[in-house]
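One structure is given here, and the rest of the page talks about it.
The values are calculated or read from the model by the stated rules, or taken from the named source; none is laboratory data. What you see is a predicted model; the values in this text were computed from it and never measured. Glycine also receives a Cβ, built like all others from the backbone with ideal geometry; neighbour counts cover every protein chain displayed. Remember, those area values only see protein heavy atoms, side chains included, never the ligands or the DNA or RNA. Shrake-Rupley method; radii C 1.70, N 1.55, O 1.52, S 1.80 Å.
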Amino acid sequence: KLGPVEHTVPREAQKGDQAVSARYAAALQALEAPLSRAYREASQERERLIAAAKSLGESKPLARDAIDKVRALQAQWQTHAKALPLPRREENSLWSAFKAATDALFTARNAARAARETEAGEQIKAREAIIESLLALPAANSTGSAPQIKRALAHAETAWRACAEVARPHAAGLDARYRAARDAARKRLRDIADHAAQARFDALIEAMRLCDEREAASEIAPDLEARWSAVENLPDAWKPAMEARLRGVGAAKPETLPDTLLNLEVACGIDTPSEFMAARRQLKMRALKIAMEDRRASVTTPADIERWLLDAAATPRPDEVSRARLERIIAALQRLA
């Protein structure tokens with residue numbers, strides 16, 4: 001505003017070290033030198049923040065506190081930028097580099113989170129698939145379902161243990177659903193076992209009825225073979241004896257039937273007809289004598305009961321009293337099964 005020096009200042013004031021222009025340049029330099037030094041230090045500090053942000057983003061996987069640290073770096077940047085703004089071009093260049101470094105870190109964080117969520121989703125889906133496989137098992141009354149359910153339970157248990165852990169919010173619910181599905185499958189197995197235990201007695205009664213029909217007839221009914229083949233749930237171990245009775249070959253001896261029925265009545269804890277009570281008392285006395293001689297109690301095993309039952313059922317042409325006793329015995333065994 002004062003105009004050119006050469007036009008406004010006397011010549012004497014324009015010469016020597018104390019010239020106005022020299023003194024002005026020295027004063028200006030006195031101001032610019034510390035400002036340049038401050039700019040340089042501020043640039044170096046921003047470069048340090050950029051390097052720190054890049055270093056955080058280079059760690060694989062990201063540190064747990066990486067986001068907290070980068071937010072602290074952002075706060076430091078804002079503080080420095082407000083304390084001493086750099087020339088616009090330099091400020092923009094440094095800020096772009098810093099923002100790129102921090103954005104890369106947030107992008108890596110989001111990608112890692114998405115990967116974890118995807119992995120967690122796959123782990124949850126794997127466990128849900130195990131649960132669904134148990135829920136999809138056949139009903140208890142399905143043919144041949146017991147082996148299938150046993151295999152499925154064993155496979156599910158192995159697969160469940162092999163699955164990676166899931167996040168706690170999901171783990172409790174999945175575990176509860178798995179236990180419920182597993183317990184339901186185990187209940188199906190118990191129901192199948194109970195049904196099989198009952199069904200074998202029903203099959204034995206049907207086989208005995210067909211044998212009675214065969215023994216009472218003068219000739220074999222045309223459809224007897226078909227009805228015999230249609231008998232289901234008769235245990236394989238019982239079939240030969242009942243088949244022998246049906247064919248009249250190698251059948252049990254009728255004279256042993258009363259003792260066999262007596263043994264079964266005692267084993268099942270049911271009443272014996274009055275005309276056989278004396279024989280029952282004798283049976284108990286013999287058992288007591290044997291126990292005293294052997295110095296150990298006589299124990300009737302399930303195998304003994306099954307053997308006696310099969311002997312009684314395979315005895316041909318039982319009288320009405322024996323048939324009624326055997327029916328009561330089978331009914332008692334069904335209740336105990």
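Extents of region 1-83, largest first, come to 73, 21, 14 Å (Cα atoms, principal axes, whole angstrom). Measuring nothing but protein heavy atoms, the accessible surface of the chain at 1.4 Å probe radius is 55 percent carbon and sulfur. For E327, neighbours were defined as the other residues whose beta-carbon sits under 11 Å from its Cβ, and their charges (Lys and Arg +1, Asp and Glu -1) total +3.
With the other protein chains left in place, how much accessible area per residue, in square angstrom, belongs to region 153-205 at a 1.4 angstrom probe?
Per residue, region 153-205 has 61 Å² of solvent-accessible surface.
Per-residue ellipticity at 222 nm computed for the chain from its helices equals -25500 deg cm²/dmol, with DSSP H segments shorter than 4 residues left out and the rest contributing -39,500 (n - 2.57). Annotation for region 175-236: GluC sites (Glu not before Pro) lying in DSSP loop with at most 16 further Cβ atoms inside 10 Å of their Cβ are E219, E232.
Binning the alpha carbon pair distances of region 229-308 at 10 angstrom intervals from zero yields the distribution 15, 37, 31, 16, 2, expressed in whole percent.
Largest GNM mean-square fluctuation across L135, L234, L94, computed for the chain with C-alpha springs under 10 Å, falls on L94. Binning the alpha carbon pair distances of region 1-155 at 10 angstrom intervals from zero yields the distribution 9, 20, 14, 12, 12, 11, 8, 5, 3, 3, 3, 2, 0, expressed in whole percent. Go through [x] 6, 26, 35, 24, 8, 1, 0; [y] 4, 14, 12, 11, 10, 8, 6, 5, 6, 6, 5, 4, 2, 3, 2, 1, 0; [z] 5, 23, 29, 22, 13, 6, 2, 0 and flag the label whose value is the computed P(r) over Cα pairs in 10 Å bins from 0, in percent for this structure. Correct label, based on the coordinates given: [y]. Classification of region 178-337 by its C-alpha gyration tensor yields an oblate form. The axis ratio a/c (a ≥ b ≥ c) is 1.5 or more, and b/c is at least a/b.
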